[in-house]
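Participant: Right, I'll just put the structure down here and ask away after.
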Amino acid sequence: EDITERRSVERMKDEFVSVVSHELRTPLTSIRGALGLVASKFLGELSEKGQRMLEIAISNTDRLVRLINDILDIERLESGKVTIQKQACDVATVLTQAADVMSTMADKAEVNLVVHAQPLRLWADPDRIIQTLTNLLSNAIKFSPPGGTVWLTAERNGEYILFQVRDQGRGIPAEKLETIFERFQQVDASDARQKGGSGLGLAICRSIVRQHDGHIWAESTIGQNSSFYFTL
């Protein structure tokens with residue numbers, strides 16, 4: 001029943017991941033800058049094959065940068081190094097801003113983004129709530145078919161405000177509905193490669209919602225849709 005040693009190991013692991021991530025970000029930023037310079041053709045023209053290879057390198061570098069940023073984000077959130085700056089904010093404004101951030105991704109995926117919000121006031125950190133919503137919207141868009149719709153809504157539910165992101169994707173198996181909120185969890189092992197996710201987005205969402213004393217969960221019907229909810 002004594003978990004002192006286990007907690008010590010977990011702390012060492014988290015510190016190791018944090019240090020490695022910090023050390024990796026600097027050279028990766030440099031590599032990304034160099035690749036961008038080559039892509040701008042400042043150093044001369046590339047063959048068609050060379051241009052394609054460069055695009056693959058840039059895409060994978062961007063993915064690594066996102067992964068490292070997510071690792072650092074979840075480490076800061078769960079260690080208490082990030083202070084939640086709560087303030088009075090308008091729910092409709094928060095939803096609109098989150099949708100605006102994801103509009104380009106939705107357009108590229110040919111997915112319709114629909115926003116519905118009641119005129120409500122919320123005591124929360126708007127930047128962190130927008131981060132939570134964009135993470136949920138990103139997942140919903142990735143797993144939606146072309147021509148599909150993603151709905152983003154917020155409504156009063158008793159003394160809480162209930163947020164929902166619903167898609168028309170492939171669905172999530174019942175046994176995965178809890179584990180997907182853990183670090184590095186994917187519904188399918190191939191998703192990280194095919195969809196470009198880090199497996200940390202939902203863990204970050206859960207940490208932010210918990211710091212607001214809220215609750216987050218998912219419901220799904222295989223082959224039809226998935227809905228992600230959180231209350232504040």
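Participant: Inside segment 146-157, can you point out the residues that are touching a residue at least 60 places away in the same chain (Cβ under 8 Å) and surrounded by 21 or more Cβ atoms within 10 Å (Cβ to Cβ)?
Facilitator: Start the filter on segment 146-157 by keeping residues that are touching a residue at least 60 places away in the same chain (Cβ under 8 Å), which leaves 154, 157.
If the condition is that a residue be touching a residue at least 60 places away in the same chain (Cβ under 8 Å) and surrounded by 21 or more Cβ atoms within 10 Å (Cβ to Cβ), then A154 is the only one that fits.
Participant: Could you grab the pairs with beta carbons closer than 7 Å, sequence gap of 6+ or different chains, first residue in segment 19-35 and farther than 12 Å from L67 by Cα and open to solvent by less than 80 Å² (accessible area, probe 1.4 Å), second one aliphatic (A, V, I, L, M) and in a helix (DSSP H, G or I)?
Facilitator: From residues that are farther than 12 Å from L67 by Cα and open to solvent by less than 80 Å² (accessible area, probe 1.4 Å), the pairs are R32/V65; L35/L54; L35/A57; L35/I58.
Participant: Does E48 count as open to solvent by 50 Å² or more (accessible area, probe 1.4 Å), at pLDDT below 90, closer than 20 Å to L136 by Cα and of a type in the set (D, E)? Give the steps one after another, and end with the answer.
Facilitator: On the way: open to solvent by 50 Å² or more (accessible area, probe 1.4 Å): yes; at pLDDT below 90: yes; closer than 20 Å to L136 by Cα: no; of a type in the set (D, E): yes.
No; evaluated as a whole, the condition is false for this residue.
Participant: Failed condition for I71, given (1) free of Cβ contacts under 8 Å to residues at least 60 places away in the same chain; (2) assigned to a helix (DSSP H, G or I), with all others met?
Facilitator: It fails just one condition, (1).
Participant: Within segment 135-145, which residues are buried (at least 20 other Cβ atoms within 10 Å of the Cβ) and not small (G, A, S)?
Facilitator: Within segment 135-145, N135, L136, L137, N139, I141, F143 meet the criteria.
Participant: Which residues, counting only those in segment 158-182, are without any contact (Cβ under 8 Å) to a residue 60 or more places away in the chain and basic (K, R)?
Facilitator: R170, K176, listed by residue number.
Participant: Would you mind stating whether T61 is under 30 Å from E23 (Cα atoms), in contact (Cβ under 8 Å) with a residue 40 or more places away in the chain and open to solvent by less than 70 Å² (accessible area, probe 1.4 Å)? Give the steps one after another, and end with the answer.
Facilitator: Working: under 30 Å from E23 (Cα atoms): yes; in contact (Cβ under 8 Å) with a residue 40 or more places away in the chain: no; open to solvent by less than 70 Å² (accessible area, probe 1.4 Å): yes.
So T61 fails the test.
Participant: Now for a different question. Has segment 113-121 got at least one residue that is open to solvent by 80 Å² or more (accessible area, probe 1.4 Å), within 20 Å of the chain's Cα centre (by Cα) and among the basic types (K, R)?
Facilitator: No, that holds for no residue.
The values are calculated or read from the model by the stated rules, or taken from the named source; none is laboratory data. These numbers come from a predicted model, not from an experiment. Positions of Cβ are generated from backbone atoms using ideal geometry, with glycine treated the same way; all protein chains shown enter the neighbour counts. When the accessible area is computed, the model is the full protein with side chains, heavy atoms only, and any ligands, DNA or RNA have been set aside. Shrake-Rupley method; radii C 1.70, N 1.55, O 1.52, S 1.80 Å.
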